Amino acid sequence: MNDLWNQISLFWGWLTEPSQWQGDNGIPHRTLEHLYYTGVALFAAAVIGLALGLLVGHTGRGGFLAISVANVARAIPTFGLVLFIVVIEYSITPVLVALVALAVPPILVNTFEGVRGVDADAKDAARGMGMTGWGVLWRAELPMALPLILLGLRTSAIQVVATATIAAYPGFGGLGRYIIDGLARNDYQLVVGGTVLVVLLALIVQLVFAGLRRLVVSPGLLGSARSS
């Protein structure tokens, strides 16, 4: 209990210093950098994961290969991604590539499972209404798969927010800058401050996706998701 209180005191003391809210090393600037890395990586991963997941889930072709590759990618350790960043080249591009590689699997797998899991009777009814194959995908399969798709996006977003701290390892910015610099200087207050900010940002992301889910998912699907 005392350790927890000490950590809270350290974080609060660091957070309330006026210098932490100014300049290139201030919390607002570092948070924007972190959000930039996260947003770019998540957008690229969503384009790749959603496109492949919808295509494979709808057609049923290549599903085993796509899921196998995604599961292999999930097994890549974060430290391996860091080494990848340092070895390839000194630029932000490998950082973003590593984050995209981390974010694609949950999006791809959940999109595939969501589309493939749509009830066959619903798809038959859509075809009976004269919808084409792509019409069935966009107007029947996709809306019913949204809960799982959003879950995959949320999982990827939280993982990227947490892992984007590695951008600071080769010398770039983001909230990981506080953690890396704090470890280098043996500044425990800086490490705690950076860590708590990353956790808070991940919680905010989770709340955003919870609100988005309520906004875009059909109430009937929300009710069935709660009961399952």
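If only one of Leu175, Leu222 is touching a Lys or Arg at 6+ places or on another chain (Cβ under 8 Å) and modelled with pLDDT under 90, which one is it? Just one listed residue meets the conditions, Leu222. Just to be sure, is Leu148 modelled with pLDDT of 90 or more, in a helix (DSSP H, G or I), closer than 19 Å to Ile67 by Cα and open to solvent by 60 Å² or more (accessible area, probe 1.4 Å)? So Leu148 passes the test. For the stretch 190-210, the tally of residues that are crowded, with 18+ Cβ neighbours inside 10 Å and either touching a Cys at 6+ places or on another chain (Cβ under 6 Å) or farther than 16 Å from Thr38 by Cβ (or both) stands at 6. Tallying residues that are in contact (Cβ under 8 Å) with a residue 24 or more places away in the chain, part of a helix (DSSP H, G or I) and open to solvent by 20 Å² or more (accessible area, probe 1.4 Å) within the stretch 167-182 yields 1. Being in contact (Cβ under 8 Å) with a residue 24 or more places away in the chain and among the hydrophobic types (A, V, I, L, M, F, W, C) is the requirement here; does Ile8 meet it? Criteria not met by Ile8.
The values are calculated or read from the model by the stated rules, or taken from the named source; none is laboratory data. Source: prediction; values computed, not measured. Ideal geometry is used to build each Cβ from the backbone, glycine not excepted, and the neighbour counts take in all protein chains shown. Accessible surface areas use protein heavy atoms only, side chains included; no ligands, DNA or RNA. Shrake-Rupley method; radii C 1.70, N 1.55, O 1.52, S 1.80 Å.
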